[in-house]
Amino acid sequence: MRQVIVAGNWKMNKTVSESVEFVKELQEGLGFDLKLQVLVFPPFTSLYSIGRIVDKSRIGFGAQNMYFEKAGAFTGEISADMIKSCGGEYVIVGHSERRHIFGESDEVIGRKVKSALESGLKPVVCIGEKLDEREAGKTEQVIERQFYKAFEYVQEDMIEDCVIAYEPVWAIGTGVNATPEQACEAHDFVRGLLEKKYNGGVAENFTILYGGSVKPGNCKELFEKNGVDGFLVGGASLKVVSFLEIIKIVNNMLV
Ligand code: 13P
C-alpha cells in the first residue's frame, strides 16, 4: 500500500514560538478522519520544541537537511542522531536549494541518504530538473542521474523507508506548477527507475510526492493523476489555513 503524504517544507521561516503556534493550530484543525500522513519540516531551531508538543499520531516531523558524518569537527552541521534526539523521524535530503544554492553534489546526497537510513531516519529525497535542462530535453537524463546517485548505497531492505519528491526546479517558488501531465510523466519515469533498480513490488508501493508551487487551487488536479502520491509544499505550507486546505482536499479524495 502506497502511503499518501502531505508535507510542509518551511525552509528558512518561523521562529520557535511561531513554529509551536503553527503546530498547535494545525493539530486543532486536524480533528477529522485523517487518512494520510501529514509531515512538517521546520528549521533545526524549532525541532526540539515541536517534538515536545506534537501529537505524532496526527503529525510527523523532521529536518530539512543533515550531514552524513555521525559527529565531529563540522561547524554548522547537524547529524541524524541530533534530529532523532528532538523526536524527528524524517529528513529532507537533496532539496534543490541545497543542490543549487549550497552546492551539494549528487555524491554528498547519496552519502546523506545512506547515513539517514543507517541512523533510522526516513529520507525524503528530492530530485528534479532545472528549466534549461528541461528545455534541452534532458529531464529524464537529470532525474536518472540524481536517482542512481541518491540511492547508490540503498539496498532493497532499506528502500521502503524512503520517499521521493519530484520537484522541478523551475516550479519551485515561481507560482508555475508542473502540469498534471508533466508531473505524471516524471513520476512514471521515477517509478520505472525504482522497478529497474529494485523490483516491481518496491516501485508499486513507493510514495512519490510532487513539489513546486502546490496550492489549494491546483492540488486536486495534480493528485487526480495516478502516480502522484502527495505533495511537498513550500510557500503554501507556511499558513495553517492554506496547508490545512491542501490536506483536506487530498484527504477527501481518498476512500
Ligand atoms: P513552493 O511550494 O514554494 O514552490 O516550494 C516547493 C518546495 O521547494 C518544497 O520543498
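Looking only at the range 172-193, decide whether some residue is of a type outside the set (Ser, Thr, Tyr), away from the ligand (no atom under 16 Å from the Cβ), in contact (Cβ under 8 Å) with a residue 24 or more places away in the chain and outside any helix (DSSP H, G or I).
Taking every residue of the range 172-193 in turn, none turns out to be of a type outside the set (Ser, Thr, Tyr), away from the ligand (no atom under 16 Å from the Cβ), in contact (Cβ under 8 Å) with a residue 24 or more places away in the chain and outside any helix (DSSP H, G or I).
From the list ALA178, ALA186, exactly one residue is over 16 Å from the mean Cα position of the chain (by Cα), buried (at least 22 other Cβ atoms within 10 Å of the Cβ) and closer than 21 Å to GLU224 by Cβ. Which is it?
ALA178
Do you know which of the residues in the range 107-150 that are part of a loop (DSSP other than H, G, I, E, B) and in contact (Cβ under 8 Å) with a residue 12 or more places away in the chain is nearest to TRP170 (Cα to Cα)? Break it down stepwise before answering.
Applying the first criterion (part of a loop (DSSP other than H, G, I, E, B)) to the range 107-150 yields 119-121, 128-130, 136-138.
This time we only want the ones that are in contact (Cβ under 8 Å) with a residue 12 or more places away in the chain, so: 119-121, 128-130.
Values: SER119: 32, GLY120: 32, LEU121: 29, GLY128: 9, GLU129: 8, LYS130: 6 Å.
Looking at the filtered set, the residue picked out is LYS130.
Which numbered condition in (1) touching a residue at least 40 places away in the same chain (Cβ under 8 Å); (2) touching a helix residue (DSSP H, G or I) at 6+ places or on another chain (Cβ under 8 Å); (3) β-branched (Val, Ile, Thr) is the only one that ILE249 fails?
The one condition ILE249 does not meet is (1).
Scan the range 133-151 and tell me whether some residue there is within 17 Å of the chain's Cα centre (by Cα), within 17 Å of GLY234 (Cβ to Cβ) and of a type outside the set (Ser, Thr, Tyr).
So far as the range 133-151 goes, no, none of its residues is within 17 Å of the chain's Cα centre (by Cα), within 17 Å of GLY234 (Cβ to Cβ) and of a type outside the set (Ser, Thr, Tyr).
Taking the range 65-109 on its own, how many of its residues are open to solvent by 40 Å² or more (accessible area, probe 1.4 Å) and within 16 Å of the ligand (Cβ to nearest atom)?
Qualifying residue count, the range 65-109: 5.
Considering only residues that are farther than 12 Å from PRO180 by Cα, more than 9 Å from the ligand (Cβ to nearest atom) and free of Cβ contacts under 8 Å to residues at least 60 places away in the same chain, which ones fall in the range 196-238?
Once the filter is applied, which keeps residues that are farther than 12 Å from PRO180 by Cα, more than 9 Å from the ligand (Cβ to nearest atom) and free of Cβ contacts under 8 Å to residues at least 60 places away in the same chain, the range 196-238 yields LYS196, LYS197, TYR198, ASN199, GLY200, GLY201, VAL202, ALA203, ILE208, PRO216, GLY217.
The values are calculated or read from the model by the stated rules, or taken from the named source; none is laboratory data. All values derive from a computational prediction rather than experimental measurement. Glycine also receives a Cβ, built like all others from the backbone with ideal geometry; neighbour counts cover every protein chain displayed. Accessible surface areas use protein heavy atoms only, side chains included; no ligands, DNA or RNA. Shrake-Rupley method; radii C 1.70, N 1.55, O 1.52, S 1.80 Å.
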